[in-house]
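Visitor: Questions regarding the structure given below will be posed in turn.
The values are calculated or read from the model by the stated rules, or taken from the named source; none is laboratory data. A quick note: this is a predicted structure, and the numbers were derived from the prediction, not measured. Don't worry about glycine lacking a Cβ; one is built from the backbone with ideal geometry, like all the others, and counts go over all protein chains shown.
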Ligand code: GDP
Ligand code: CA
């Protein structure tokens, strides 16, 4: 291999350089597990800065939502709410801690499908309250606010939309005349474990949806907008796909910084690789940045952090007009994740100088 033709790895940030203060208002566009982990680190950083006036608003993906057994389930909203509210099963990464599965077993005993969906007894209560409120006429945003009164997640949690949007995934099926079949995103992820190729991602209802109450304001009237290491297609991608949201991100006066969900060509946990491949984007930290694009050329990013193992990607990201640095991006614990927040602030302040 000719090393002379390879871009030199960017220097890794040193812990010693001063960290700029967190701005007063931070808005984060979040999926489920990746976004929630990042948010815990952000809140940890804020808690470690006594007297910090920082307020966090989260615009969460709702395109993973599914109706199961007559109940409205919102996996990403609940993952953020339970994680930040102390109710998450940390090992599983979703659902309630100390969960039991009696209702699920009883439903299976009746032979009622879907049997593959993880519906815990405690979790069920959340879905019952949500469904009851929706049927009484409350929009999802008001329901989420009500649920958060119990969980006190420490952020303002906003669904991206109050409208029904559900991501479907096209998979191969030789039994179909077209050779393809669409399954709900949850079926792709939970039943099929994302083990078969995703041929296309279809966010049903997205084009007809409208941003939920407060969403555009949270993007426009903020001091910092963050794209956390969430899935760039089925989490952040769907949020940006709500008509009006991408435009708000492109035009907000706040700086926009993203953190790569791809580390050394892998998605760490989840199935970002499968859905990036489905939309024709290379599975790499640089390609995801290019896919988001620079705000100076109509995209959504001013700055992008890649993992320290992806130092060679820095020049390519900069060539796309996006400020970039390589730092540790594995969310192994709260301090490691809080350091990612610091690195994002540093990168933006260096860029402004
Ligand atoms: P989901 O809705 O539960 O899939 O969660 P998100 O969309 O918020 O985030 C999922 C993505 O987070 C995964 O596809 C990974 O690419 C990314 N991810 C998970 N853990 C880590 C980590 O420790 N570091 C980084 N950089 N990315 C991670
Ligand atoms: Ca999700």
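Visitor: Could you please let me know if residue 118 is in contact with a helix residue (DSSP H, G or I) (Cβ under 9 Å, 6 or more places away or on another chain) and crowded, with 17+ Cβ neighbours inside 10 Å?
Guide: No: the conditions fail for residue 118.
Visitor: Moving on. When the residues of the range 163-185 are narrowed to those that are under 30 Å from residue 26 (Cα atoms) and touching a strand residue (DSSP E or B) at 6+ places or on another chain (Cβ under 9 Å), which ends up surrounded by the fewest Cβ atoms within 10 Å (Cβ to Cβ)?
Guide: Looking only at the range 163-185, we keep the residues that are under 30 Å from residue 26 (Cα atoms), and these are 163-167, 185.
Filter once more, keeping what is touching a strand residue (DSSP E or B) at 6+ places or on another chain (Cβ under 9 Å): 164-167, 185.
Numbers: 164: 15, 165: 22, 166: 19, 167: 28, 185: 26.
Restricting to residues being under 30 Å from residue 26 (Cα atoms) and touching a strand residue (DSSP E or B) at 6+ places or on another chain (Cβ under 9 Å), the top hit is 164.
Visitor: Farther than 25 Å from residue 351 by Cβ, in contact with a helix residue (DSSP H, G or I) (Cβ under 6 Å, 6 or more places away or on another chain) and within 16 Å of ligand 1 (Cβ to nearest atom): which single residue out of 32, 41 fits that description?
Guide: 32
Visitor: A further question on this structure: When only residues in the range 85-100 that are more than 13 Å from ligand 1 (Cβ to nearest atom) and in contact with a helix residue (DSSP H, G or I) (Cβ under 7 Å, 6 or more places away or on another chain) count, which is nearest to residue 45 (Cα to Cα)?
Guide: For the range 85-100, the residue satisfying everything is 85.
Visitor: Checking the conditions here, which among 261, 255 is crowded, with 21+ Cβ neighbours inside 10 Å and within 16 Å of ligand 2 (Cβ to nearest atom)? Please lay out each step first, then the result.
Guide: Numbers: 255 fails: within 16 Å of ligand 2 (Cβ to nearest atom).
On inspection, the qualifying residue turns out to be 261.
Visitor: Turning to a different aspect of this structure: Looking at (1) in contact (Cβ under 8 Å) with a residue 24 or more places away in the chain; (2) within 16 Å of ligand 1 (Cβ to nearest atom); (3) on the phi > 0 side of the Ramachandran plot, which is the one condition that is false for residue 154?
Guide: (2)
Visitor: Could I ask something else about it? Can you tell me which residues in the range 23-78 are assigned to a loop (DSSP other than H, G, I, E, B), assigned by TED's automatic domain parsing to the domain that holds residue 147 and away from ligand 2 (no atom under 14 Å from the Cβ)?
Guide: Answer for the range 23-78, where residues must be assigned to a loop (DSSP other than H, G, I, E, B), assigned by TED's automatic domain parsing to the domain that holds residue 147 and away from ligand 2 (no atom under 14 Å from the Cβ): 69, 70.
Visitor: Right, something else. Being in contact with a helix residue (DSSP H, G or I) (Cβ under 6 Å, 6 or more places away or on another chain) and part of a loop (DSSP other than H, G, I, E, B) is true for just one of 137, 154. Which residue is that?
Guide: 154
Visitor: Here's a follow-up. Select the helices (runs of 4 or more DSSP H) contained entirely in the range 220-339, then report the ones holding at least 3 residues which are at pLDDT below 95, touching a helix residue (DSSP H, G or I) at 6+ places or on another chain (Cβ under 7 Å) and not assigned by TED's automatic domain parsing to the domain that holds residue 86.
Guide: Qualifying helices (runs of 4 or more DSSP H): none found.
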